[in-house]
Amino acid sequence: KFLPLPLPLRAFAGVRQTAAPESKLIVCTSGLEPRSGLEPDRKRDLQRHAPTLNIEVVPDLTPECTHLIADTVLSEKYLAAVLWRIPVVSYDWVEASLTNGEPIDEEEYLLRPLHRLVICLSGVSFSTADRHSIEALVQREGGAYSASLDRHCTHLVTDSASGDKYMKCCAESTLQHVRIVTPAWLADSIARGACANGNDFAVRAPPPSSGVRAAAPAPLDAVFGPRLCAQAVPQLFLSDCVLHFPESASAAPLLVCLRRLARGCGVTVAEHPSGWVTHIVLGDTAGSDAAVWTELQATCPLAKLVSHVWLTECDRMR
């Protein structure tokens, strides 16, 4: 049975702690072209407003960059940003920062892992209930779901190198851009909070003369499990932990800092409590501990209650 993910996690494994407000931010752009639906003058606007925001706009993405401004999750720059844990934000972050008079926290403007992607499913393993659940997940994470395979699709998710949609995708020139991937690609992208490299999950049929059948796909309940992590993803400190930060237990400035710190340690941040949460982190709001724990213990039965000092100490000792 397909196991849907819980309420929105909004976890973005690529986020790292950004530079101090007084430091200059180094920004690169990707996908801000007419073909991606953005006005062609936005790059020029960014260059014009750079001095106001105390940012430096560079043409090439390097590990020294603090942000990637993009409108696609399929570019080489995006994949590099995820690898280097550089926040990938939409151009709305620039406009909001201009309104604020200085760069603001990027969390609200991070690209969702399936941003602007159109997903189609194929395979007998997907029941009607599975398809409805996956459609909801795709839409929640910034993508669109298509029941039919057409030129607007970006990905065909299938459990085998067979079927009408698979053959159509391989045969028609208008569908050559569609990436054929396994269900693990979708699960990994959602679990990590960043679009996975489709090449790592490509569906490849065996050579016709080999007489070898394509390997059977993993069961869907294993593929979409809560602990899935692709081998290509580096094992980060605290990477097996799922942390929940109750808003009522921390002042807003501390809450933002704790979330940044957690993602820098490879933690999955759960926006909503669920059975997957391993730690509930309480902040500096006095008198909230008992009330928060009473409210959350039913929905997070396995979670440990910890102070925000625990997280800072873990980061210090790694």
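The values are calculated or read from the model by the stated rules, or taken from the named source; none is laboratory data. Everything numeric in this text was worked out from a predicted model, so none of it was measured. Quick reminder, even Gly has a Cβ in these numbers, built from the backbone with ideal geometry, and neighbours come from all protein chains shown. Heavy atoms of the whole protein, side chains included, go into the accessibility calculation; ligands, DNA and RNA do not. Shrake-Rupley method; radii C 1.70, N 1.55, O 1.52, S 1.80 Å.
Give the calculated FRET efficiency between residue 199 and residue 162 to the nearest 0.05, with a Förster radius of 22 Å applied to their Cβ-Cβ distance.
With a Förster radius of 22 Å, E is 0.60.
Give me the percent of accessible area attributable to carbon and sulfur for segment 22-162, probe 1.4 angstrom.
50
Straight-line reach only, C-alpha to C-alpha below 28 angstrom: list the lysines that residue 77 could link to, leaving out same-chain residues fewer than 8 apart.
24, 43
Which far-off residues, 5 or more places away or on another chain, put their amide H under 5 Å from the one on residue 242, with H placed in the peptide plane?
278, 279
Based on the mean of other Cβ atoms within 10 Å per residue, sort peptides 107-115, 254-262 so the most packed one is first.
107-115, 254-262
Which of the peptides 194-200, 154-160, 302-308 is most tightly packed, and how do the rest follow, judged by the mean count of other Cβ atoms within 10 Å per residue?
Output ranking for 194-200, 154-160, 302-308: 154-160, 194-200, 302-308.
Please give the per residue accessible area of segment 243-285, computed with a probe of 1.4 Å over protein heavy atoms only, in Å².
Computed with neighbouring chains in place, this is 31 Å² per residue.
Based on the Cα gyration tensor of segment 100-176, what are the three equivalent ellipsoid semi-axes, each the root of five times an eigenvalue, rounded to whole Å and given largest first?
31, 16, 8
Given H placed on each backbone N at 1.01 Å, which residues far from residue 117 in sequence or on other chains put an amide H within less than 5 Å of it?
Result for residue 117 returns 144.
Two-decimal Rg/Rh of segment 86-130 from alpha-carbon positions, Kirkwood Rh?
1.30
Separation between the residue 254 and residue 41 pseudo-spin-labels, each 7 Å from Cα along Cα→Cβ, expressed in nm?
Inter-label distance under the simple model: 4.7 nm.
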